[in-house]
Each structure stands twice: as structure tokens, then as C-alpha cells.
Amino acid sequence: MLPIQNTAPDVVSKKRTPSENADDSEFMALLRTVKKKELGAFVKLLMPYISNLEMRQPRIWGDQSRLNLEKATIPVNDLLINTRSGYVTIKEDCFFGHRCMLLTGTHDYKETGKARLEAVPDSGRDITLERGVWLGSDVTVLGPVHIGENAVVAAGSLVTKDVPRNTIVAGRPAVPVKKIDGSNL
């Protein structure tokens, strides 16, 4: 059972003013009295739910306004999107395996040290995924790239060039393997 009040040194929160406490819900007020050990047990219970929620949200590195999720209808799985050097467009019915990355950002390899770190273009490396694209787990897409409608990128692939519609690509770097209807290229 959680204590009503605790003044021991291992209490999680600092002293709060009455006006700060007035806005708290009953749960939050109680939570502020919990010992670190009890809080650790609480966090352990919540972690699976927090992890699942985190996995379903794309992580965006760069300007979020450069991401266009057009009628996103399928939840993502641990997707990292870098918009530093271009726009990323994901059209409807695209879906992703775990740990996919869409990366527009790059650095000027001719520079060295901190100058290389700061030598990042602002544009020109857009990535577009047309309707129905499927990226298998652990796929990396390096812009500029256009992936055509209903294309499939096999797990573990590295996409550095445009992918035609209705085509399956695989490898590092990804190359066309066959059409989605099973026919050869």
C-alpha cells in the first residue's frame, strides 16, 4: 500500500507550493509521495505499455513540417525519419517493419572535423514513398529516392536509388529482384 505522506529522503518529488498542488489530480498528488523503490516497481509495470506507444510513433530528426504523412492508415513500427536535408512524403497504405530509417540528411565528406559535422545541405534529398509501399524490417532509405507504388523493399536492404512501381528490391545496395506479380524483370 502506498503511504499517504512521506518525508523520508528517498521521496521522489521536491516540495511544491500550494498553487502547484492545486492543479494536480488526486493520482498525481499521491504519486508525488511515493518512494523511489515503489516508483521503480510502478515504472516496471508501465514500461511495456510505454514502449509499445513509443514504437508506434515515428521519431523525427529535423523539421517536422517537412514530413507529409498523406492519409497514413497503418501504424508504424519504430520508424526514424530524418528531414534535415529534404522533405519526406509517405502516401496512404504504406507500412514498415521494425527499425526502418528514412534519411534525407548527409554531410560533406570532403570536410573534416567539426566542419564536416556542420556541412549539411538544407534541401535536395527528398524521399517519397508512393501508395502501398512496404519496407521490411531494418530497411534504410538514403535520399534522394522515389519508391514507386506497391513496391516492396526486402528486410535489411539499403535503398540508394529510385525503385520502380510494383517491383521487389533487395540487398545492400538494393537492386530489383522481380515484379510483385512474380514475373522476372
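The values are calculated or read from the model by the stated rules, or taken from the named source; none is laboratory data. Since the model is a prediction, treat every value here as computed from it, not as a measurement. Cβ sites come from the backbone with ideal geometry, for glycine too, and all protein chains shown count toward neighbours. Quick note on the areas: whole protein, heavy atoms, side chains included, nothing else; ligands and nucleic acids left out. Shrake-Rupley method; radii C 1.70, N 1.55, O 1.52, S 1.80 Å.
Annotation note: Cβ proximity below 9 Å between a residue of the stretch 112-138 that is farther than 18 Å from Gly86 by Cβ and of a type in the set (Asp, Glu) and a residue that is open to solvent by 50 Å² or more (accessible area, probe 1.4 Å) and part of a loop (DSSP other than H, G, I, E, B) (sequence gap 6+ or interchain) occurs for Asp138/His98; Asp138/Arg99; Asp138/Ala155. Give the stretch 71-84 a look and list any residue that's out of contact with any His (no Cβ under 6 Å at 6 or more places or on another chain) and either open to solvent by 70 Å² or more (accessible area, probe 1.4 Å) or over 20 Å from Pro144 (Cα atoms) (or both), or say none. Residues satisfying the conditions are Lys71, Ala72, Thr73, Ile74, Pro75, Val76, Arg84.
Assessment of the stretch 33-51 against the conditions (in contact with a strand residue (DSSP E or B) (Cβ under 6 Å, 6 or more places away or on another chain), surrounded by 15 or more Cβ atoms within 10 Å (Cβ to Cβ), over 15 Å from Leu129 (Cα atoms) and of a type outside the set (D, E, K, R)) yields no matching residue. Picking from residues in the stretch 154-167 that are buried (at least 20 other Cβ atoms within 10 Å of the Cβ) and within 20 Å of Tyr87 (Cα to Cα), the one that is farthest from the chain's Cα centre (by Cα) is Val163.
Can you find a residue in the stretch 125-138 that is among the hydroxyl-bearing types (Ser, Thr, Tyr) and crowded, with 18+ Cβ neighbours inside 10 Å? Looking through the stretch 125-138, at least one residue is among the hydroxyl-bearing types (Ser, Thr, Tyr) and crowded, with 18+ Cβ neighbours inside 10 Å. Taken over the stretch 99-139, the residue count meeting the criterion of being aliphatic (A, V, I, L, M) and farther than 30 Å from Met55 by Cβ is 2. For the residues Tyr109, Tyr87, the requirement of being surrounded by fewer than 14 Cβ atoms within 10 Å (Cβ to Cβ), over 25 Å from Asn184 (Cα atoms) and among the hydroxyl-bearing types (Ser, Thr, Tyr) singles out Tyr109. So, Asn68, is that one in contact with a Phe, Trp or Tyr (Cβ under 8 Å, 6 or more places away or on another chain), among the polar types (S, T, N, Q) and either in a loop (DSSP other than H, G, I, E, B) or within 21 Å of Ala155 (Cα to Cα) (or both) or not? Criteria not met by Asn68. Of all residues in the stretch 169-180, those being touching a strand residue (DSSP E or B) at 6+ places or on another chain (Cβ under 7 Å) and open to solvent by less than 40 Å² (accessible area, probe 1.4 Å) number 3.
Take the conditions (1) under 18 Å from Arg66 (Cβ atoms); (2) modelled with pLDDT of 95 or more; (3) touching a Lys or Arg at 6+ places or on another chain (Cβ under 8 Å); His146 misses just one of them, which is (3). For Asn21, the stated conditions do not hold, so it cannot be described as farther than 29 Å from Leu117 by Cα and either open to solvent by less than 60 Å² (accessible area, probe 1.4 Å) or at pLDDT 85 or above (or both).
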